[in-house]
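Comments concern the structure below.
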Amino acid sequence: MPDQLLFAMEVTLNGLMAGVLYALVALGFVLIFKASGIFNYAQGVMALFAAATLVGIMEGQVPFSHLINAIFGGEVTHFGWHVPALAAIVLTVLVMVLLAWLVQKLVMQHLVNQEPIILFMATIGLAYFLEGVSDLMWGSEIKTLNVGLPQGLNETIDQITYDAFGYGFFIDNLDIVATVIAGLLVVALMLFSQYTKQGRALRAVADDHQAALSVGISLNFIWVLVWSLAGFVALVAGIMWGAKSGVQFSLSLIALKALPVLMLGGFTSIPGAIVGGLIIGVGEKLFEFLLGPALGGATENWFAYVLALLFLVFRPQGLFGEKIIERV
Amino acid sequence: MKLKLTTLALGALMAAGPAMADLVFPSLSYRTGPYAANGIPFADGYADYFTLLNERDGGIGGVKAKVIECETGYNTEKGVECYESTKGEGSLLYQPLSTGITYQLIPKVTADGIPMHSMGYGRTSAKNGSVFNYIFNYPANYWDGASVAIKYLLSENGDSLEGKKIALVYHNSAYGKEPIRTLEELAKKHGYELILLPVDHPGQEQKSQWLQVRRDRPDYVIMWGWGVMNSVAIQEAVNIRFPMDHFIGIWWSGSENDVIPAGEGADGYKALTFHNVGSDYPLFGDLKTYVLDAGKAAGAGDQVGTALYNRGLYAAMLAAEAAKTAQELSGTKDITPAQMRDGMEALEITEAKMAELGLPNFGPEFKVSCENHGGDGLGAIVQWDAKAKQWNMITDYISPDEDVLQPLIAEDSEAYAKENNITPGCN
């Protein structure tokens, strides 16, 4: 088999894996948009906040220690204990639920029935506020996130492909784990929305707020639930991306990677987020491989948006989005 | 009534008498945003050194130094706003810690007559002081860095890089593109093949670039990165099992922030530097006594001795020494920006002076002149010891290849002079 074809196959596989990581971020956006029509600008920052909280809890860091020391003096930074990863994840989920409740209670509840653009603006404010709180709470230094996920070359795939083609493919173990987790997450979310009372209520609210209210579904509860779910998804995305780069401010910028995925997959479809992620991941990686060198490289960021725009021209609601028909 | 009038008259007399203003050193810092983790230690080191001088020596030549911090978020527009809002405060010297901001401020500071020091960043050809009167980039610039890296690789390969492949993984920005021309010229001279691998901001996803490294198998990778790009690149290099001791970062890719996230895998990674590492110097004892223990540190005090804290401290030390030189030259303690510029142009750093300051063997010796605002461009290699979590300097200072660099600097600075109707010259 020609070398270029082998390389293209390797790039395609890695593109699929990268796409899963993009989809993980996009999922959080979809959940909130589907249930409340809000484009949550703060989703990327929620991933940063969740990952920073996880590391802080694991390392026994005292939250707001800089602030406490500045006000009361002293040099308190750590409690002196280490929390196991699993327990820390559970505690972080609880923090994200608390955050969801606060967002609903202090912000969203007061903006019910406002224009979508107002709600969008509120999430911009929330993003910057959360960014500051995250820095203040856990510090802005780069933190190492180690929850025991494997990283680096997958030996088995390397060996199998080497035996078959004479060239071992590189697949990152972390990407494989991310793919499995993303798959489980999607299945769990689908089962939740299909087979639980809360899930059905969530779907009812997504279909029609007024009708859901009229049959006794609490909008407040559903919004807290959906922000909590988005917080959980943000934590998963934060763990995956944080394991690659360390937990640092740039984690909040992963939202930029989710936008073309949403444009392509549709803002209201969970499978759309996954398929969109895969198409963007493979598309940008293959384009970079085939045409990047001729165009000076670094094409991935802009090509993802070009690809999404192309889909948008022919299918404005995205691949799996709901077609909006407004009658006049 | 008489007493009141006398008091008022005395007060007026005192106010009218000669009063020493502070020596103002604005710090265009970034404690927020994607590059905060790097901006904080630098800003802390910069501020703490001036605090030390104030607390221990009563300032510089008896005049207190005042650091005005302005948050840029590493954003060029905000950096320019910071400059505009602080230049009227009697500011003596700007250090923007951003190549983008530096480029925007070059015409502004030149017009306003305020010197700017872009230490190890910014526009490389500013080394030609006869064109860039108010811009200084000593002790080393990007082209020096590129040349020092290649000279180091030559020394590792029996003085020949013939047939070798060297990849440059760079931030796809003005900063990241700075070394390309130099590396291309050096490739012609030494016969290596240069592979260019740009990474878009912020650099969180670099799979394509590192798959290409894995396919092309370069002998060495040089990195021009900043922020998250560095840590991701090092992690990806670990993932594809690229030998860490064949991976060299520029000095902005050589902080603890860049290597710690990759853990043990980053062991052996190398980076350039133009100053020494660690905190085993007498000055750090004074810093502890007068600044940290006195609760006067700019930050939490947990960054002392890190690569970027040391760089901020070094930048402040060079600024203070230039101010001292300016005071001596002008015969006045209360110097103006123009006198500060003259002080910078007459700056000479010797080992004896560094030892006297409590920083023996901390940085290279160099001398600034009108023709040479960039010093001697000496750089050294540091290597990361992941177990000890510390950088070790593994070479002496290496001088760059001036035969290649000087014509490039002359060409670029002359082009700038032509574009801006500047008549090059030294008074």
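The values are calculated or read from the model by the stated rules, or taken from the named source; none is laboratory data. Because the structure is a prediction, the values reported are computed rather than measured. No Cβ is skipped: glycine too gets one built from the backbone with ideal geometry, and neighbour counts run over all protein chains shown. Each accessible area value is taken on the protein alone, full model and side chains, heavy atoms only, with ligands, DNA and RNA left out. Shrake-Rupley method; radii C 1.70, N 1.55, O 1.52, S 1.80 Å.
In table form, for the structure just shown:
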| read-out | value |
| --- | --- |
| Residue match in segment A:170-179 (condition: under 25 Å from A:A8 (Cβ atoms), assigned to a loop (DSSP other than H, G, I, E, B) and not charged (D, E, K, R)) | yes |
| Residue ID - farthest from A:V95 (Cα to Cα), chosen from residues in segment A:212-257 that are without any contact (Cβ under 8 Å) to a residue 60 or more places away in the chain and within 11 Å of another protein chain (Cβ to nearest Cβ) | A:S245 |
| All positions within segment B:9-61 that are at pLDDT 95 or above, within 30 Å of A:G246 (Cα to Cα) and not in a helix (DSSP H, G or I) | B:S27, B:L28, B:S29 |
| Options B:Y170, B:Y142, B:Y152, B:Y192; residue that is aromatic (F, W, Y), within 14 Å of chain A (Cβ to nearest Cβ) and surrounded by 18 or more Cβ atoms within 10 Å (Cβ to Cβ) | B:Y170 |
| Number of the exception - B:L405 against (1) under 27 Å from B:L52 (Cβ atoms); (2) touching a residue at least 12 places away in the same chain (Cβ under 8 Å) | (1) |
| Filter pass, A:E115 being crowded, with 20+ Cβ neighbours inside 10 Å and either among the β-branched types (V, I, T) or more than 20 Å from the chain's Cα centre (by Cα) (or both) | no |
| Pick from segment B:78-111, criterion of a type in the set (G, A, S) and part of a helix (DSSP H, G or I), ranking: nearest to B:A338 (Cα to Cα) | B:A111 |
| Answer from B:V368, B:V304 - the residue that is under 22 Å from B:G122 (Cα atoms) and of a type in the set (A, V, I, L, M, F, W, C) | B:V368 |
| B:G90 being open to solvent by 10 Å² or more (accessible area, probe 1.4 Å), out of contact with any Lys or Arg (no Cβ under 8 Å at 6 or more places or on another chain) and on the phi > 0 side of the Ramachandran plot | yes |
| Odd one out for B:F132, checked against (1) part of a helix (DSSP H, G or I); (2) within 27 Å of B:N421 (Cβ to Cβ); (3) in contact with a Ser or Thr (Cβ under 9 Å, 6 or more places away or on another chain) | (1) |
| Residue tally, condition assigned to a loop (DSSP other than H, G, I, E, B), at the interface with chain B (Cβ under 7 Å from one of its Cβ atoms) and open to solvent by less than 60 Å² (accessible area, probe 1.4 Å), over segment A:133-155 | 4 |
| Condition met for A:W241 (open to solvent by less than 40 Å² (accessible area, probe 1.4 Å), of a type in the set (F, W, Y) and within 13 Å of the chain's Cα centre (by Cα)) | yes |
| Matching option when the condition is open to solvent by 20 Å² or more (accessible area, probe 1.4 Å) and in the same structural domain as B:D245 (by TED's automatic domain parsing), among B:E71, B:E162 | B:E162 |
| Inter-residue pairs, beta-carbon under 9 Å, first among the acidic types (D, E) and in segment B:228-253, second open to solvent by 20 Å² or more (accessible area, probe 1.4 Å) and not in a loop (DSSP other than H, G, I, E, B), 6+ apart | B:D245/B:Q383 |
| Yes/no for B:I106 being open to solvent by less than 10 Å² (accessible area, probe 1.4 Å), out of contact with any Ser or Thr (no Cβ under 7 Å at 6 or more places or on another chain) and either at pLDDT below 95 or hydrophobic (A, V, I, L, M, F, W, C) (or both) | yes |
| Only one of A:L259, A:L295, A:L310 that is within 25 Å of A:A42 (Cβ to Cβ) and aliphatic (A, V, I, L, M) | A:L259 |
| Members of segment B:369-399 found to be open to solvent by less than 10 Å² (accessible area, probe 1.4 Å), closer than 16 Å to B:H275 by Cβ and assigned to a loop (DSSP other than H, G, I, E, B), listed by number | B:G374, B:G375, B:G377 |
| Some residue of segment A:189-202 being closer than 26 Å to A:A52 by Cα and part of a helix (DSSP H, G or I) | yes |
| Which numbered condition B:I114 misses (of (1) in contact (Cβ under 8 Å) with a residue 12 or more places away in the chain; (2) out of contact with any Lys or Arg (no Cβ under 8 Å at 6 or more places or on another chain); (3) part of a loop (DSSP other than H, G, I, E, B)) | (2) |
